[in-house]
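The values are calculated or read from the model by the stated rules, or taken from the named source; none is laboratory data. Owing to the predicted nature of the structure, the values given are computational and were not obtained by experimental measurement. No Cβ is skipped: glycine too gets one built from the backbone with ideal geometry, and neighbour counts run over all protein chains shown.
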Amino acid sequence: MKEIKRTDQGVQSERAVLVGLLIPGESRGGTRYDPLAELAGLAEAAGATVVGRLIQKRAKPCGATYIGKGKVEELAEYAVSKEAEVVIFDNDLTPSQIREVEEVVKLKVLDRTELILDIFAARARTNEARLQVELAQLEYTAPRLRGMWTHLERIAGAGGGGKVGAVGGIGTRGPGERQIEIDRRIVQKRVTFLKEQIRNIDRRKLREVKAREEHFTVSLVGYTNAGKSTLMNTLTGAGTYVADKLFATLDTRTRRWELGDGQSVLLSDTVGFVRNLPHNLVASFQATLEEAIHSNLLLHVIDASDPDAPGQVEAVEAVLAELGCADIPTIAVLNKMDAVDEESGAHVLIPQLEGAVQISAATGAGIEALVGAVRERIEDRYVRVSIESDVENGRLFAYVQRQGRLLSQAVVDGRLVLDLQLPTAEVQRVIDMGGRVRANNGTAQQPLNPAPVVSESGRRG
């Protein structure tokens with residue numbers, strides 16, 4: 001048997017057997033129809049090949065082996081028959097439980113959190129994401145050092161001996177120090193450094209987010225692989241990486257989304273959620289998730305074709321509540337409607353989700369309805385104003401065309417007069433650029449709410 005290395009948590013190209021423990025009354029949001037479907041997706045996303053599955057039902061976990069001694073012995077035989085190289089649990093195990101199972105199955109054993117952290121580590125592309133993942137990994141590992149490492153013998157002194165009477169000279173006598181204490185000190189020092197680096201990122205990210213307060217901001221949230229990045233590309237042409245696998249993208253991207261008639265919003269794509277997303281990971285990715293936390297509107301993208309879409313909705317709502325986003329206005333977006341069949345979860349969700357928009361990000365179907373729904377939410381953020389400026393002020397003219405809707409233009413007494421529909425926050429910017437708000441009689445004009453724009457679908461926008 002090859003040596004089991006607890007320092008190697010990756011499963012790239014390895015043959016994996018999946019194990020799950022079902023406890024009565026335990027929430028399985030996201031895996032209602034197939035208890036190990038999500039774990040299989042995670043394993044494949046990490047590069048493993050799933051060759052077998054094993055499910056145990058117990059009233060509560062076994063303290064020693066989690067699934068029980070008899071089931072572990074059955075797992076060992078099953079893993080041999082499948083020529084497996086790694087065992088992955090859909091639960092979080094203690095280090096002692098992992099060690100006990102490994103001693104029986106003679107294979108590397110990973111739990112759910114280790115697998116997710118491995119995926120995030122492999123997908124992290126920016127320095128920000130790498131720091132966040134490393135912090136989550138260390139905070140997960142730190143309290144488990146005693147059970148994960150074997151080099152915990154006591155160091156007697158500089159002489160290096162561990163037997164009775166072994167000494168290293170004057171000043172080196174004494175009980176020495178356990179290797180685990182050295183490891184813990186190294187880990188804690190690194191955690192402190194990473195937290196300081198991430199605090200700096202948090203402050204910078206928060207400043208960036210707050211700088212956008214004058215704009216209406218929208219964030220895409222949802223279960224991983226629900227099609228958020230595809231929708232982002234369809235709406236903005238952002239060029240976000242898209243793949244049919246869990247956690248294809250980790251880094252947030254923000255782009256301007258033109259809604260037509262001079263209206264636009266800032267649209268952000270966020271990391272996908274899964275059931276029981278590790279708390280350390282949620283905390284570490286706080287900066288990345290600031291986009292969602294401070295958004296004016298959330299688009300909850302749902303894979304309507306998935307049979308367990310209702311369970312995935314529950315899982316996302318739980319994470320949003322943990323982030324403090326539960327009260328942010330949200331539009332449910334039922335994506336992949338082109339792939340819906342008799343077993344799809346859309347049939348359950350459509351009656352439940354009032355005002356849900358049905359689309360296909362891949363084909364573009366329903367996008368106009370989604371645009372109309374978003375425009376309804378931002379209607380009161382636009383005003384109609386008449387702006388007067390110098391005819392030569394081409395910079396202002398270009399700016400208002402880009403930021404708003406030009407309803408009419410004329411030259412009056414050698415001055416350019418523009419009738420505009422602008423975001424409320426942009427009016428002051430136009431004034432700073434040399435414009436003056438005017439009324440027909442030449443006095444200051446109070447901005448008026450624009451008449452609602454009616455889309456082809458008949459929805460107010």
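Below is a table of values for the structure above.
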quantity: Residue within the stretch 323-341 that is in contact with a Lys or Arg (Cβ under 6 Å, 6 or more places away or on another chain), surrounded by 19 or more Cβ atoms within 10 Å (Cβ to Cβ) and more than 17 Å from G364 (Cα to Cα) present; calculated: no
quantity: Unique residue being closer than 30 Å to R199 by Cβ and in contact with a Lys or Arg (Cβ under 9 Å, 6 or more places away or on another chain) when the list is A46, A129, A84; calculated: A129
quantity: Candidate set from the stretch 398-438 (those that are of a type in the set (D, E) and farther than 10 Å from E388 by Cβ); member that is surrounded by the most Cβ atoms within 10 Å (Cβ to Cβ); calculated: E426
quantity: Pick from the stretch 52-73, criterion under 19 Å from S96 (Cα atoms) and of a type in the set (K, R), ranking: nearest to the chain's Cα centre (by Cα); calculated: K60
quantity: Residue count for the stretch 283-298, restricted to those that are modelled with pLDDT of 90 or more and either surrounded by fewer than 21 Cβ atoms within 10 Å (Cβ to Cβ) or more than 23 Å from R207 (Cα to Cα) (or both); calculated: 1
quantity: Filtered residues of the stretch 363-389 (kept if surrounded by fewer than 16 Cβ atoms within 10 Å (Cβ to Cβ) and either at pLDDT 90 or above or on the phi > 0 side of the Ramachandran plot (or both)); calculated: T363, G364, A365
quantity: Top-ranked residue of the stretch 231-264 - restricted to ones that are among the basic types (K, R) and farther than 18 Å from H300 by Cα, ranked as modelled with the lowest pLDDT; calculated: K245
quantity: Tally, over the stretch 97-117, of residues that are assigned to a helix (DSSP H, G or I) and out of contact with any strand residue (DSSP E or B) (no Cβ under 8 Å at 6 or more places or on another chain); calculated: 8
quantity: Wholly enclosed strands (runs of 3 or more DSSP E) of the stretch 391-461 bearing at least 1 residues modelled with pLDDT of 85 or more, farther than 18 Å from E379 by Cα and out of contact with any Ser or Thr (no Cβ under 9 Å at 6 or more places or on another chain); calculated: 405-412
quantity: Residues (charged (D, E, K, R), touching a residue at least 24 places away in the same chain (Cβ under 8 Å), more than 21 Å from E44 (Cβ to Cβ) and in the same structural domain as E44 (by TED's automatic domain parsing)) located in the stretch 88-142; calculated: R99, E100, E102, K106
quantity: In the stretch 118-141, residue surrounded by the fewest Cβ atoms within 10 Å (Cβ to Cβ) [restricted to those that are small (G, A, S) and assigned to a helix (DSSP H, G or I)]; calculated: A122
quantity: Single unsatisfied condition, E368 versus (1) among the acidic types (D, E); (2) assigned to a helix (DSSP H, G or I); (3) closer than 16 Å to S295 by Cα; calculated: (3)
quantity: Residue under evaluation D338, criteria (1) more than 21 Å from V313 (Cβ to Cβ); (2) in a helix (DSSP H, G or I), criterion not met; calculated: (1)
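Condition check ((1) of a type outside the set (A, V, I, L, M, F, W, C); (2) over 20 Å from P143 (Cα atoms); (3) touching an Asp or Glu at 6+ places or on another chain (Cβ under 7 Å); (4) at pLDDT 95 or above) across all residues:
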site	(1), (2), (3), (4)
Q56	yes, yes, no, no
G63	yes, no, no, no
E73	yes, yes, no, yes
V80	no, yes, no, yes
P95	yes, no, no, no
